[in-house]
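Down below is the structure, laid out as structure tokens.
Just so you know, all these numbers are worked out from the coordinates, no wet-lab data involved. These figures come from a predicted structure and were not determined experimentally. Every residue, glycine among them, receives a Cβ derived from its backbone with ideal geometry; neighbour counts consider all protein chains shown.
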Amino acid sequence: MGITSWFKRAGGDESSTDGDPPTPARASGFQETASRLHAFNRYEIKYFVDEMRVPELRRELAARMDSDPHSPVGGYPVTSLYYDTPDLRFYWEKIEGLKFRRKLRMRLYGDPAACTEETPVQIEIKQRVNRVTQKRRTAMPYGIARSWLDDRQTIECDDSQRPFVEEVTTLIGNLDLRPTVTTGYLREAFVGRDADLGLRVTIDHKVHGRDGDFYFGSKAQNRFTIPPRLAIVELKANERVPYWATDLTARMDMSVIRVSKYCQSIQAFGLAPKSIVGAPELIIPPGEHDRVPDDLFSTL
């Protein structure tokens, strides 16, 4: 089944709204956390917060923002498979801080153990132009996505999707992109209201990944790539971050960080040397348990 026929069957559309990735109309549960946004630009600022202080942060955010209606306390699962060149071109572009850089990923919302060939996934190009993050993406069944990106098969698509599909196909062919690492975490999401409608704040818990056996439904062992005592907070705004939000991060002693979940996975599995300027709080002490429990998502 091609993308076109699947979109028609699902009744999906590609209208633009604010939030996370596009999903077809039949998506439900955790997948509803992704709006039908096709492309957007925004500013993103990242922070670390100790898990012990997350309840305090959650209360502060809830006083000024709305919780994503499909985002339970503790978070919903997000799993991403990143594609890169044999010499890790996208990784090094990030490490070297190039003003224009990009990466290709396949993203799943929901428990990966429940993923089937028909489960909706997002194919996304995320790129950075100076300080602005730009995303372009489309949704399709997992089986079709794997045939396209992994097996490099030609897929059908709606005319509105053709430029994006051709861009991804060209990237994969010209750069010889291949699955490299996964990242996963539990995400809580808050959305702005009133004057802060363009604001979105996410809290990502238990960041983990693996460097092989990339099928989403695989029972392969993951490991933590960021110490599980730390959560990553992201402030995402279309134009500006409101003063109260930056004041909150200052009061909670949250420092701005430059961290990439993708790069953390690359370094955690020894695919590239660890940065000598990396944050010391990211080091998992020797002997500390870094294997992800098999039942991480079982209580959701």
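Give me, ordered by chain and number, the residues 5 or more places off V292 or on other chains with an amide H under 5 Å from its own placed amide H.
Result for V292 returns N222, R223, F224.
If amide H atoms are built 1.01 Å from N in the plane of the peptide, which residues on other chains or at least 5 residues away come under 5 Å of the amide H of R210?
Counting only residues 5 or more places away or on other chains, the set is T182.
Report the gain in length on full extension from R42 to V132: 0.36 nm times residue separation, minus Cα-Cα distance, nm rounded to one decimal.
Result for the pair: 31.8 nm of gain on full extension.
Report the FRET efficiency, 1/(1 + (r/R0)^6), for T169 and T85, where r is their Cβ-Cβ distance and R0 is 22 Å, rounded to 0.05.
Calculated value: 0.90.
Provide the per-residue ³J(HN,Hα) series for the stretch 135-142, in order, calculated from phi with Karplus coefficients 6.51, -1.76, 1.60 and θ = phi - 60°, each as a whole number of Hz, with x at glycine and proline positions.
10, 9, 7, 8, 10, 6, x, 4
Quick one: net charge around H208, please, counting Lys, Arg +1 and Asp, Glu -1 for every other residue with C-beta under 10 Å from its C-beta.
Taking every Cβ under 10 Å from that of H208, the sum is +4.
Provide Rg and Dmax in Å for the stretch 69-222, with only Cα atoms included in the calculation.
16.2, 47
If the only charges are +1 at each Lys and Arg Cβ and -1 at each Asp and Glu Cβ, what is the size of the charge dipole of the stretch 149-229 around the Cα centre, to the nearest 20 debye?
In debye, rounded to 20, the stretch 149-229 gives about 640.
What does the C-alpha gyration tensor say about the overall shape of the stretch 95-140? Classify as rounded when a/c is under 1.5, otherwise prolate if a/b is larger than b/c, or oblate.
prolate
Return the sequence-ordered ³J(HN,Hα) values of the stretch 168-182 in whole Hz as given by the Karplus equation 6.51 cos²θ - 1.76 cosθ + 1.60 applied to θ = phi - 60°, using x for Gly and Pro.
Running phi through 6.51 cos²θ - 1.76 cosθ + 1.60 with θ = phi - 60° gives 5, 4, 5, 4, 4, x, 5, 9, 6, 6, 8, x, 10, 8, 10 Hz.
Given the peptides 208-220, 234-246, arrange them by the average over their residues of other C-beta atoms within 10 Å, most packed first.
Those peptides, ordered most packed to least, come out 208-220, 234-246.
Report the Stokes-Einstein translational diffusion coefficient (µm² s⁻¹, integer) for the stretch 131-208, Rh taken as the Kirkwood radius over Cα pairs, at 25 °C with viscosity 0.890 mPa s. Can you show the working numbers first?
Values: Rh = 15.7 Å.
In µm²/s, the coefficient rounds to 156.
I'd like to know which of L235, S218, V201 lies farthest towards the positive end of the charge dipole of the stretch 192-242, counting +1 on Cβ of Lys and Arg and -1 on Cβ of Asp and Glu.
Value: S218.
May I ask you to compute the full-extension gain from D159 to M52, defined as 0.36 nm times their residue separation minus their alpha-carbon distance, rounded to one decimal in nm?
Gain on stretching D159 to M52: 33.6 nm.
Charges at C-beta only: +1 for Lys and Arg, -1 for Asp and Glu. How large is the resulting dipole of the stretch 201-266 about its Cα centre, in Debye rounded to 20? Present the calculation step by step, with values, prior to reporting the outcome.
Details: 10 positive and 7 negative charges, 38 e Å.
So the dipole magnitude of the stretch 201-266 works out to roughly 180 debye.
Can you tally the net charge around A63? Count Lys and Arg as +1, Asp and Glu as -1, for every other residue whose Cβ sits under 14 Å from the Cβ of A63. Mind showing how you got there, number by number?
On the way: positive: R58, R59, R64, R193, R251; negative: E56, E60, D66, D194, D196, D247.
Value of the local net charge: -1.
Could you tell me the distance between the Cα centroids of the stretch 217-231 and the stretch 161-211, to the nearest Å?
Cα centroid of the stretch 217-231 versus Cα centroid of the stretch 161-211: 17 Å apart.
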